[in-house]
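First comes the structure, then the notes that go with it.
The values are calculated or read from the model by the stated rules, or taken from the named source; none is laboratory data. Given the structure is predicted, the values throughout are model-derived calculations rather than measurements. Cβ placement follows ideal geometry from the backbone for every residue including glycine, while neighbour counts extend to all protein chains displayed.
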Amino acid sequence: MGYKNIENMLETLSQYIRSEIEDESVEQLILFAQHYFSFSAFDEIANISIEDLYGAVLSHWNLFLNLPDGKEKIHIYNPSVEEHGWQSTHTVIEVVLPDRAFILQSMTMEINRYGFVNLLVLHPVYWVRRDAAGKLSELSKTQLEGTTQESVLHIEINRQSDTALIEKLKQSLQLVLRDVCSATKDWPDCIAQMETVTSELIEQKKPSLQESIEFLQWLKNGHFVFLGYREYRIVEKADQFGFCVVEKTGLGILQDGIAKVPGANFFPISTDTYKLLNTDNPLMITKATSKATVHRPVFMDYIGIKQYDVAGAVIGEKRFLGLYASSAYTCELDDIPLVRSKIILPLSKVEGELHGFKNFDRMKAISHQE
């Protein structure tokens, strides 16, 4: 091996590719390989032989060549010289898909959920042009007319020999990428729905709604990661109230095809919850019961906007699921609508300076108690 630095390693790899490939694809493969390793830390790959660097990049290149319908592709395997032409002591995960936000964080957190260790992570992004069948026709490191961005991920984990576990991991990663793609694709539509519900509150022209209106505007202005949206009706069955999904209203991770509607289509709620719903406060702000598969592995935040009939009874809800953005945890508390209106009374309950995420969490807890 004996590479002097990353540049020397890339030049050695390019020469090796030219010695192995003689057709017209060689220059594209070299471009792919140069970008593939260019952002990696040199000490992470310095001890990998040129044959294994070539084998790794060639394997991913073959996966990359065709991407029918823009659907993600995942390949998980244990490289061996006999079967793959290169070797590694690790299990390798290769991914190709249209570029999206949150891909890397979401993938690695799912891998970590299995208890695996991420030993090497490469995440180059390419500008590509493909034909109608998804076959690669042009490749670039920078934007060219008619090209779109695609993400390539190479992740090495501690070696796994259980084929059933490897298949289970692959299926889990496919579901994560489905959620990532759905959430990012529908993000603008979720924003539009937030604008709609905000406008509906504004149209009521009630001073008592002003803080709620400003809170929704604050969420929309970069303080909330929108992952899903769905509408619900409140109905009564057998003397019990519950939510029914309004079909075809789902966006992001709450699309009907993802968050499938159970056959009963009825989610019962307790009497106390129903009483809590029937108040003049138009918002329900709490934690969801499920963790996010996108961006951060924490319980999602739930923002519900109540829907009323002409008599003032709650008849439904427009629900957003997501995560407070990191910017929300660094805001001064008196800059956060709803929270700032509850600071004066419970201020003495919080010790220390009123800034930072710890006091934000404390104030949220106090606000729920008030």
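Given the condition exposed (fewer than 15 other Cβ atoms within 10 Å of the Cβ), touching a residue at least 60 places away in the same chain (Cβ under 8 Å) and not acidic (Asp, Glu), answer yes or no: does some residue in region 36-48 qualify?
Initially, region 36-48 is screened for residues exposed (fewer than 15 other Cβ atoms within 10 Å of the Cβ), giving 38-39, 41-44, 47.
Next, only the ones that are touching a residue at least 60 places away in the same chain (Cβ under 8 Å) stay: 38-39, 44.
Checking which are not acidic (Asp, Glu) leaves us with 38-39.
Among the residues of region 36-48, at least one is exposed (fewer than 15 other Cβ atoms within 10 Å of the Cβ), touching a residue at least 60 places away in the same chain (Cβ under 8 Å) and not acidic (Asp, Glu), which makes the answer yes.
Select from region 179-210 the residues that are among the basic types (Lys, Arg) and assigned to a helix (DSSP H, G or I) and list them in ascending order. Spell out how you get there, then give the answer.
First pass over region 179-210, keeping only residues among the basic types (Lys, Arg): 185, 205-206.
Correct list: 185 only.
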Self-check item: First in region 97-114 and under 17 Å from residue 225 (Cβ atoms) and touching a residue at least 60 places away in the same chain (Cβ under 8 Å), second anywhere and among the acidic types (Asp, Glu) and assigned to a helix (DSSP H, G or I), Cβ under 8 Å, 6 or more apart
Solution: 106/179
Self-check item: Residue count for region 153-173, restricted to those that are surrounded by fewer than 20 Cβ atoms within 10 Å (Cβ to Cβ) and outside any loop (DSSP other than H, G, I, E, B)
Solution: 10
Quiz item: Is it the case that region 239-249 has a residue that's closer than 25 Å to residue 294 by Cα and among the acidic types (Asp, Glu)?
Solution: yes
Quiz item: Just a yes or no: is a residue in region 55-62 among the hydroxyl-bearing types (Ser, Thr, Tyr), touching an Asp or Glu at 6+ places or on another chain (Cβ under 7 Å) and modelled with pLDDT of 95 or more?
Solution: yes
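Out of the residues in region 141-152 meeting the condition of being touching a residue at least 40 places away in the same chain (Cβ under 8 Å) and either surrounded by fewer than 20 Cβ atoms within 10 Å (Cβ to Cβ) or small (Gly, Ala, Ser) (or both), tell me which one is nearest to residue 60 (Cα to Cα). Give the steps one after another, and end with the answer.
Going residue by residue through region 141-152, those that are touching a residue at least 40 places away in the same chain (Cβ under 8 Å) are 141, 148-152.
Filter once more, so that each one left must be either surrounded by fewer than 20 Cβ atoms within 10 Å (Cβ to Cβ) or small (Gly, Ala, Ser) (or both): 141, 148-149, 151.
On the way: 141: 16, 148: 19, 149: 17, 151: 12 Å.
If we take residues in region 141-152 being touching a residue at least 40 places away in the same chain (Cβ under 8 Å) and either surrounded by fewer than 20 Cβ atoms within 10 Å (Cβ to Cβ) or small (Gly, Ala, Ser) (or both), then 151 is nearest to residue 60 (Cα to Cα).
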Practice problem: Could you grab me the full set of residues in region 169-224 that are without any contact (Cβ under 8 Å) to a residue 24 or more places away in the chain, within 30 Å of residue 116 (Cβ to Cβ) and among the acidic types (Asp, Glu)? | Solution: none
Quiz prompt | Considering residues of region 293-320 that are free of Cβ contacts under 8 Å to residues at least 40 places away in the same chain and in a loop (DSSP other than H, G, I, E, B) only, the residue nearest to residue 175 (Cα to Cα) | solution = 298
Quiz item: Which one of the conditions (1) in contact with a His (Cβ under 7 Å, 6 or more places away or on another chain); (2) part of a loop (DSSP other than H, G, I, E, B) does residue 258 fail to meet, given that it meets all the rest?
Solution: (1)
Quiz item: Given 242, 228, 312, which one is out of contact with any His (no Cβ under 7 Å at 6 or more places or on another chain) and modelled with pLDDT of 95 or more?
Solution: 228
Exercise. For residues that are surrounded by fewer than 18 Cβ atoms within 10 Å (Cβ to Cβ), closer than 15 Å to residue 305 by Cα and within 25 Å of the chain's Cα centre (by Cα), tally how many sit in region 229-260.
Key: 2
Quiz item: For region 19-49, which residues satisfy the criterion of being within 28 Å of the chain's Cα centre (by Cα), in a loop (DSSP other than H, G, I, E, B) and polar (S, T, N, Q)?
Solution: 40
Quiz item: Where residues in region 293-324 are more than 30 Å from residue 111 (Cα to Cα) and crowded, with 17+ Cβ neighbours inside 10 Å, which of them is farthest from the chain's Cα centre (by Cα)?
Solution: 314
Practice problem: For region 261-292, name all the residues that are more than 29 Å from the chain's Cα centre (by Cα) and part of a loop (DSSP other than H, G, I, E, B). | Solution: 264, 269, 270, 278, 279, 280, 281
Quiz item: Has region 211-220 got any residue that is crowded, with 20+ Cβ neighbours inside 10 Å and in a strand (DSSP E or B)?
Solution: no
Exercise. Identify the single condition in (1) β-branched (Val, Ile, Thr); (2) part of a strand (DSSP E or B); (3) over 30 Å from residue 341 (Cα atoms) that residue 176 does not satisfy, given that it satisfies every other one.
Key: (2)
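I'd like the residue in region 50-93 that is among the hydroxyl-bearing types (Ser, Thr, Tyr) and outside any helix (DSSP H, G or I) and, out of all such residues, is nearest to residue 174 (Cα to Cα). Explain how you work it out, then say what you get.
Quick first cut of region 50-93, residues among the hydroxyl-bearing types (Ser, Thr, Tyr) only: 54, 59, 77, 80, 88-89, 91.
Next, from what is left, pick out any that are outside any helix (DSSP H, G or I): 77, 80, 88-89, 91.
Values: 77: 15, 80: 25, 88: 24, 89: 24, 91: 17 Å.
Ranking the qualifying residues of region 50-93, first place goes to 77.
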